[in-house]
1. What ranking do 119-126, 148-155 get when scored by the average of other Cβ atoms within 10 Å per residue, highest first?
2. What order, most packed first, do the peptides 91-97, 60-66 have when packing is the mean number of other Cβ atoms within 10 Å of each residue?
3. Between Arg181 and Asn72, take the C-beta separation as r, use R0 = 35 Å, and let me know the FRET efficiency to the nearest 0.05.
4. What is the calculated FRET efficiency for Thr191 to Leu43, with r their C-beta to C-beta distance and R₀ = 35 Å, to the nearest 0.05?
5. If r is the Cβ-Cβ distance from Glu153 to Lys205 and R0 is 30 Å, what FRET efficiency results, to the nearest 0.05?
6. Of Lys137/Lys173; Lys16/Lys54; Lys16/Lys182; Lys133/Lys178; Lys65/Lys173; Lys16/Lys65, which sit over 23 Å apart, Cα to Cα?
7. Starting from 0.36 nm per residue, how many nanometres of slack lie between Ser101 and Thr119 once their C-alpha separation is accounted for?
8. Check Leu39: other-chain or 5+ apart residues with amide H under 5 Å from its amide H, H built from backbone geometry?
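The values are calculated or read from the model by the stated rules, or taken from the named source; none is laboratory data. A quick note: this is a predicted structure, and the numbers were derived from the prediction, not measured. A quick note on method: Cβ atoms are made from the backbone with ideal geometry, for glycine too, and the neighbour counts reach across all protein chains shown. All accessible areas refer to the heavy atoms of the entire protein, side chains included, with ligands and DNA or RNA removed. Shrake-Rupley method; radii C 1.70, N 1.55, O 1.52, S 1.80 Å.
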Amino acid sequence: MQENLQNFNYEVFVSKTMLDMLLYSDDPWDSSFYQLIILSESLSNRELKRIVPKLKERNAVIFRKYVCEPINKEKGVLEELGIDQWIPREIGTDALRELISEYTTSMNEAVKVKKSTETLAELTMEFTKNQKKCFSKLYDAEGAIVSREELCESIWNDEPTRSNLAQLSVLTKSLRQKLMRKGFASDIIETVWGKGYHLNKEFYKVYYDSFQ
């Protein structure tokens, strides 16, 4: 399955450490960065009942692998927790591709049509100083691409350096994650390789305020 996902150009991250953090830590890893989480068939139902609610707090799409399809009663109990789809361990490539497309697209569309009760100022309240500068530049571009060099100049008021360009990558990633925690899709800030970044135009269907 991992090879199939990589053939679809998905980045695949497999980690028991993250599982342990979900099970035993009060400060678990940030799952909002991932489009889809597939839970192994080796996890017990007891572990699922502890893990799934934590993942659902981050609006994760969750698939559960199985060897033998569970009985309806068992499946019903676990689906109530928020498992989106059950998939056999030996699922075919085509079927897996279509399921991923169906669920991730549905999640993104649901986010895109959401109506916010927050003002733009409230949305950005938790942003750091540099995150606000970055977001302001992207927002003012109204969906147009802003080059990495422009962003660096706007944030640091200086000619871009290798150090600033590297910091910009980290900055945009953390900014994207904060927006995702607010319920936006992972493509709310899109990277256009070789050109720069832009704010997804769907953002403007939710927020019409002027950025202060």
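1. Averaged packing, sorted descending, gives the order 148-155, 119-126.
2. Values: 91-97: 13.3, 60-66: 19.3.
The densest-packed peptide leads the list: 60-66, 91-97.
3. Values: r = 35 Å, r/R0 = 0.99.
With a Förster radius of 35 Å, E is 0.50.
4. Working: r = 33 Å, r/R0 = 0.94.
Efficiency, from the Cβ-Cβ distance: 0.60.
5. Step by step, r from the Cβ atoms, then E = 0.55.
6. Going by Cα-Cα distance, Lys16/Lys182; Lys65/Lys173 fall outside the 23 Å limit.
7. Residue separation times 0.36 nm, minus the Cα-Cα distance, leaves 3.3 nm.
8. Phe63, Arg64, Lys65
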